[in-house]
1. Restricting attention to region 56-110, report how many residues are open to solvent by less than 70 Å² (accessible area, probe 1.4 Å) and at pLDDT below 85.
2. With the requirement that a residue be touching a Pro at 6+ places or on another chain (Cβ under 8 Å) and in a loop (DSSP other than H, G, I, E, B), what does region 66-85 give you?
3. Let me spell it out: the conditions are (1) modelled with pLDDT under 85; (2) surrounded by 15 or more Cβ atoms within 10 Å (Cβ to Cβ), and residue 119 meets all of them except one. Which number is the exception?
4. Against the condition crowded, with 16+ Cβ neighbours inside 10 Å and modelled with pLDDT of 90 or more, how does residue 28 come out, does it pass?
Amino acid sequence: DAEATLFGAPLVVLIDRGTASAAELFAAALHDNGRGVLVGEHTFGKGLIQRVFPMPNGGALKLTVGEYMRPTLAPIEPGVGLEPDLLCLDTPRGAAEPVDACVDMAVSVVRGRAPKAVRPLARLPLLRTVRPLAE
């Protein structure tokens with residue numbers, strides 16, 4: 001059954017310090033709803049919605065107008081980001097060294113050979129994920 005395969009298959013999301021904004025929110029939603037294991041390092045921590053207002057003198061004002069919320073209603077802390085279930089620090093070195101330890105770890109998780117450090121995932125209801133800062 002295609003639906004069972006889609007919703008029941010193991011899912012791993014690779015994250016690192018470059019994972020921000022929508023990608024960070026997507027990873028948090030998969031994780032918080034018990035659908036994915038996060039492998040890698042802490043994310044960037046860009047949980048804010050900002051708007052730029054041009055100023056008459058040629059400058060600009062960047063104003064924070066909202067904050068993304070995880071399905072748990074916890075914020076994505078600016079500069080802190082998401083904590084991975086499995087910490088993995090690796091930088092692929094290109095064609096000369098095509099091995100990436102984080103991808104190898106993710107494959108192990110998908111194949112059911114996850115390291116013991118994986119935190120159990122809890123299923124949570126889907127909730128609104130954007131909260132305005134001011135009403």
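1. Going through region 56-110 one residue at a time, the tally reaches 4.
2. Selection gives 71 alone.
3. (2)
4. yes
The values are calculated or read from the model by the stated rules, or taken from the named source; none is laboratory data. Values in this document were obtained by computation on a predicted structure and should not be read as measured data. Here Cβ is always computed from backbone atoms with ideal geometry, including for glycine, and neighbour counts include all displayed protein chains. Ligands, DNA and RNA are stripped out before the accessible areas are found, and what is left, the full protein with its side chains, is counted by its heavy atoms. Shrake-Rupley method; radii C 1.70, N 1.55, O 1.52, S 1.80 Å.
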